[in-house]
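A short write-up of the structure that comes next.
None of the figures in this text is laboratory data; all of them are computed from the coordinates on show. Values in this document were obtained by computation on a predicted structure and should not be read as measured data. Here the Cβ positions follow ideal geometry from the backbone for every residue, glycine too, while neighbour counts run over all protein chains shown.
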Amino acid sequence: MMYEPDEYVGKVIKMDGLFNLYYDEAKDYTYYACIVQDATACCSQGIEFVPTEEFQELMKTVEAGDNITVVGEFTTYTEGDSKFCTLKNATVEIS
């Protein structure tokens, strides 16, 4: 997905991983991510997600490192010169 993102745009993706977030003060925006580690836990890869309105309250109760399951529609967007992958309209379940 990270190497050929255009092939996945519009597909529904489900992933289990660890919750993380980053607050960008300059944009006044919080980025949410689901991080997946490989079998030896030496490497990890994450994907950003944008929760639906109904899950906004839940996001206030999740802490970095919590196990979550995210389901959302894969899409990409551009900021500056960089292209990013995200899951939009995501539902979130705390595991």
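Between the residues Asn89, Cys42, Tyr77, the greatest Cα displacement towards the positive end of the dipole of the chain, with unit charges on the Cβ of Lys, Arg, Asp and Glu, is found for Cys42. In a GNM of the chain with a 10 Å cut-off on Cα contacts, which of Lys83, Lys11, Lys27 has the highest mean-square fluctuation? Looking only at Lys83, Lys11, Lys27, the largest GNM fluctuation is found for Lys27.
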